[in-house]
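To start, the structure itself, in structure tokens.
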Amino acid sequence: MSAGNHTIKLGILGSGSGSNMQAILDAIEDGSLNAEITIVLSDNPDGYILERAKKAGIPAEVIDCGGFTTKFPDQSQQALAEKLKALDVDIICLAGFMRLVKQPMLDLYPNRILNIHPSILPAYPGLEAWQQAVDDGATESGCTVHYVDAGMDTGPIILQAKVPVLANDTADTLHQRIQVEEHSLYPAAIRKVAVEIKP
Ligand code: GRF
């Protein structure tokens, strides 16, 4: 395990563009986050997150979900846990990862699995939180980094950042504004968790 003055090892899981993974990498490279990205894993073979990782020279692999499109089967969860443990990963960062992480990961990584969600939780959990905020006529939204538990977007909150919802916002413009905040919030949340990890 790495902590204190040691470099924290991150395993990042994502399904899409990977802009949060990039922001974490940028924070590492500019020296504001003492960590390394040990591996990037995606359930989506076409996820741009894999390309970003490869361009940065980070090991990047596809998670075999047994052909299921949304389910994350037990066997795949087990294989994932074994891979991350074998790599001695300290903290798992879900960054746009579209499947629910369950056992044995939750027990193997207590308070070590983080997720970023594009709303001020507990408001608007689940899919397309930015669309939910616009549809609801919200005047404020934002993003949350939280610990992952067995629920969907329900774990203890680590950090949040707010953004205004403007009168002419579409789901896309709101999501873009939220993502700007996400990109500084996620490295800050990792820093906060890292200092709480005892060697
Ligand atoms: C982010 O908005 C995050 O909050 C949500 O999915 C999106 C992922 O974006 N969970 P990216 O793949 O990091 O660009």
With R₀ set to 25 angstrom, the calculated FRET efficiency between the beta-carbons of GLN176 and LEU108, to the nearest 0.05, is 0.10
Interchain or sequence-distant (5+) residues whose placed amide H lies within less than 5 Å of the amide H of ILE63 are SER42, ASP43, ASN44
Surface accessible to a 1.4 Å probe, TYR48 within the full protein complex, Å²: 100 Å²
Have a look at the DSSP beta bridges in the chain and tell me what percent are antiparallel, nearest 5. 40 percent
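Taking Cα pairs under 8 Å and at least six residues apart, what relative contact order does the range 1-95 come out at, in percent? Working shown, then result.
Working: 147 pairs, mean separation 36.3, N = 95.
It rounds to 38 percent for the range 1-95.
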Local electrostatic count at LYS71 - Lys and Arg +1, Asp and Glu -1, tallied over other residues with Cβ under 12 Å: 0
For LEU87 and MET152, extending 7 Å from Cα along the Cα-Cβ vector and measuring point to point gives, in nm, a value of 2.7 nm
Pull up all non-local amide H partners of ILE113: gap of 5 or more, or a different chain, and H-to-H distance under 5 Å with H placed in the peptide plane. ILE92, VAL148
Kindly express, to the nearest 10 degrees and within the range 0 to 90, the angle between helix 19-29's C-alpha long axis and the longest C-alpha principal axis of the chain. 60 degrees
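Using the Kirkwood radius over C-alpha pairs as Rh, can you work out the diffusion coefficient of the range 12-131 via Stokes-Einstein at 20 °C, viscosity 1.002 mPa s, in µm² per second?
My calculation gives 144 µm²/s for D.
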For the chain, with only Lys/Arg (+1) and Asp/Glu (-1) charged at the beta-carbon, what is the dipole magnitude about the Cα centre, in debye rounded to 20? 460 debye
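Can you tell me, using C-alpha contacts under 8 Å and at least 6 residues apart, the relative contact order of the range 81-199 as a whole percent?
Numbers: 170 pairs, mean separation 25.6, N = 119.
Answer for the range 81-199 is 21 percent.
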Please report, in cubic angstrom per residue, the volume enclosed by the convex hull of the alpha-carbon atoms of the range 40-105. 86 Å³
Please enumerate, by chain and number, the lysines with C-alpha under 19 Å from the C-alpha of LYS192, excluding those fewer than 8 residues away in the same chain. LYS9, LYS162
Note, the range 53-59: 3J(HN,Hα) by Karplus (6.51, -1.76, 1.60, θ = phi - 60°), whole Hz, Gly/Pro = x, goes 5, 4, 4, 8, x, 9, x
How many angstrom separate the Cα center of the range 166-189 from the Cα center of the range 94-121? 20 Å
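Between ASN168 and GLU29, take the C-beta separation as r, use R0 = 41 Å, and let me know the FRET efficiency to the nearest 0.05. Numbers along the way, then the final one.
Working: r = 36 Å, r/R0 = 0.88.
E between ASN168 and GLU29, to the nearest 0.05, is 0.70.
Round to the nearest 0.05 the FRET efficiency obtained for LEU100 and LYS55 when R0 = 30 Å and r is the Cβ-Cβ distance. Don't skip to the end; give the middle numbers.
Details: r = 29 Å, r/R0 = 0.96.
Computed FRET efficiency for LEU100 and LYS55: 0.55.
The values are calculated or read from the model by the stated rules, or taken from the named source; none is laboratory data. What you see is a predicted model, and the numbers here were worked out from it, not measured in a lab. Glycine also receives a Cβ, built like all others from the backbone with ideal geometry; neighbour counts cover every protein chain displayed. Note: areas computed on protein heavy atoms with side chains; ligands, DNA, RNA excluded. Shrake-Rupley method; radii C 1.70, N 1.55, O 1.52, S 1.80 Å.
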